[in-house]
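Down below is the structure, laid out as structure tokens.
Every number here is computed from the coordinates shown, using simple stated rules; none is lab data. Just so we're clear, the structure is a prediction, and the values are computed from it rather than from any experiment. Glycine gets a Cβ as well: all are built from the backbone with ideal geometry, and neighbour counts include every protein chain shown.
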Amino acid sequence: MVQLKGDEKARYVATMFDRISSRYDLLNTVMSGGMHHLWRRRAARLATREDQGEALDVATGTGDFALDLALMPGIARVVGLDFAPKMLPLALQKAQRQSLSQQINWMLGDAQSLPFPDGHFLCVTVGFGLRNFSDKEKALREMTRVVRPGGRVVILDIVPLQGNGILQRLQRAYFRGVVPRLGTLVAGNNEAYRYLPDSVDSYLTAPQLVAMMEGVGLQRARYEMMGLGTVALHVGEKG
Ligand SMILES: C[S@@+](CC[C@H](N)C(=O)[O-])C[C@H]1O[C@@H](n2cnc3c(N)ncnc32)[C@H](O)[C@@H]1O
């Protein structure tokens, strides 16, 4: 599948996430040992600081990142956008359960062509999404366009492992050997969880993503590693 490009890849990815939507949260928790919640919370804090405004979370999926943003002090409203139609009702249900549905609008849309004016949002985030986009640079350009000057673009994702040490080999074995089996057991779908390691291997390394962020005009682009070096949290600011 990794050879798919453009619209074909987009259709493949949207259908795949629709198929696993009802099991997506459970699999995330099992795969990361619950750590994914902490990673997004850290990312939400970095994205928002003390400023006031609206936040946009693209590739929002079942909405966890958008929900974390809605709890940040300066955030008046959040838009959660995704192109897989079956993910968004699950996000809405969670928002209702947490009494946050008034603060969040869920929108069907493509991260590579955002339906918002320039400079509108205080911050724009993407969690475990950029890796899946068919044109990552175009999506980053769009995210940067809609954030206001001084606002932050924050990207959280699994990155390809560097080197061939014992830790890296264990992590590869986990992604290639354990994750697809968990996909079959928990989600009844191993295709999506065979896709995951392929998508990580063909993704940008953390320094390559910094270069792409700078290329689309983000300043002070930087990152920190989490999850034993498997997850990178990138932040950049619009000048
Ligand atoms: C791995 S999930 C991440 C969901 C959520 N952000 C999280 O932190 O758990 C990736 C999501 O990206 C969405 N996605 C992929 N490409 C997209 C695009 N071009 N536009 C909007 N959403 C996209 C998929 O539908 C899926 O819901």
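All conditions but one from (1) within 15 Å of Gly183 (Cβ to Cβ); (2) in contact with a Cys (Cβ under 9 Å, 6 or more places away or on another chain); (3) among the small types (Gly, Ala, Ser) apply to Ser32; the one that does not is (2). Selection of helices (runs of 4 or more DSSP H) fully inside segment 176-239 by the criterion of at least 3 residues being in contact (Cβ under 8 Å) with a residue 60 or more places away in the chain returns 191-201, 206-215. Of everything listed in (1) surrounded by fewer than 19 Cβ atoms within 10 Å (Cβ to Cβ); (2) among the basic types (Lys, Arg); (3) within 8 Å of the ligand (Cβ to nearest atom), the single unmet condition for Arg49 is (3).
Here is a yes/no grid of residues against (1) of a type in the set (Phe, Trp, Tyr); (2) closer than 27 Å to Phe116 by Cα; (3) under 16 Å from the mean Cα position of the chain (by Cα):
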{"position": "Arg148", "(1), (2), (3)": "no, yes, no"}
{"position": "Val153", "(1), (2), (3)": "no, yes, yes"}
{"position": "Gly163", "(1), (2), (3)": "no, no, no"}
{"position": "Arg169", "(1), (2), (3)": "no, no, no"}
{"position": "Asn190", "(1), (2), (3)": "no, no, no"}
{"position": "Ala206", "(1), (2), (3)": "no, no, yes"}
{"position": "Arg222", "(1), (2), (3)": "no, yes, no"}
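Residues that are small (Gly, Ala, Ser) and either crowded, with 22+ Cβ neighbours inside 10 Å or in a helix (DSSP H, G or I) (or both) within segment 130-154 comprise Ala139, Gly151, listed in sequence order. What about Gln103, is it more than 11 Å from the ligand (Cβ to nearest atom) and free of Cβ contacts under 8 Å to residues at least 60 places away in the same chain? When the stated conditions are applied, Gln103 passes them. Residue count for segment 107-129 satisfying the condition of being within 14 Å of the ligand (Cβ to nearest atom) and surrounded by 21 or more Cβ atoms within 10 Å (Cβ to Cβ): 8.
Looking only at helices (runs of 4 or more DSSP H) that fall completely inside segment 1-118, which ones have 1 or more residues that are touching a strand residue (DSSP E or B) at 6+ places or on another chain (Cβ under 9 Å), within 17 Å of Ile155 (Cβ to Cβ) and aliphatic (A, V, I, L, M)? So that I can check it myself, show each step before the final result.
Values: elements: 6-32, 35-48, 64-70, 87-97.
Per the criteria, 35-48, 64-70.
Scan segment 31-64 for residues that are over 12 Å from the mean Cα position of the chain (by Cα), more than 25 Å from Arg220 (Cβ to Cβ) and among the small types (Gly, Ala, Ser) and the total you get is 3.
Residue count for segment 66-85, restricted to those that are closer than 20 Å to His36 by Cβ and more than 9 Å from the ligand (Cβ to nearest atom): 7. Within segment 1-30, being over 23 Å from Ala139 (Cβ atoms) and within 11 Å of the ligand (Cβ to nearest atom) holds for Asp25, Leu27, Thr29.
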